[in-house]
Amino acid sequence: MAENLDDMAWIAIDWGTTNLRAWIMGADCAPITCLSSGQGMANLNCDEFEAALLALIDPYLSTGRVVPVICCGMVGSRQGWAEASYVSTPCQPPAGKSA
């Protein structure tokens, strides 16, 4: 891992049917690096989701540091890791820290 990750603030995940993609994001919300694998939701059993994600991002995790991981895509579908309900729009953004 050649990147300097001192500025890493969070990890963005797009988990589709055929691919798993991750962006290591800096505090300025710019990507530091991009990762991908062929471990899409359709290629895994439910009990394999956590291991597939960790295999991709583990080099960017460290003991004693909490890094938010925000997932989108098929990971939130009924066939995904955890079903995310739909929200009617227009709507207010979630409360919390803004970038």
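Of the residues Ile57, Ile70, Ile11, the one that moves most in a GNM of the chain with alpha-carbon contacts below 10 Å is Ile70. Accessible area of Trp15 (1.4 Å probe, protein heavy atoms only, ligands and nucleic acids ignored): about 0 Å². Remark: spin-label model distance Ser77-Thr63 equals 3.8 nm, labels positioned 7 Å along the Cα→Cβ axis. The portion of the accessible surface of the chain made up by carbon and sulfur, rounded to a whole percent, is 54 (1.4 Å probe; DNA, RNA and ligands excluded). Among the protein heavy atoms, those of Thr17 account for about 70 Å² of accessible surface (1.4 Å probe, every chain in place).
The modelled label-to-label distance between Asp7 and Ala95, using points 7 Å beyond Cα along the C-beta direction, is 3.2 nm.
Shape summary: the chain maps onto an equivalent ellipsoid whose semi-axes, from the alpha-carbon gyration tensor, are 23, 20, 11 Å in decreasing order. Just checking the listed ones, Val66, Val75, Val87: in the Gaussian network model of the chain with Cα springs under 10 Å, the one fluctuating most is Val87.
The values are calculated or read from the model by the stated rules, or taken from the named source; none is laboratory data. As the structure is a computational prediction, the values presented were derived from the model and not from experiment. Positions of Cβ are generated from backbone atoms using ideal geometry, with glycine treated the same way; all protein chains shown enter the neighbour counts. Surface areas here come from the heavy atoms of the whole protein model, side chains and all, with no ligands, DNA or RNA. Shrake-Rupley method; radii C 1.70, N 1.55, O 1.52, S 1.80 Å.
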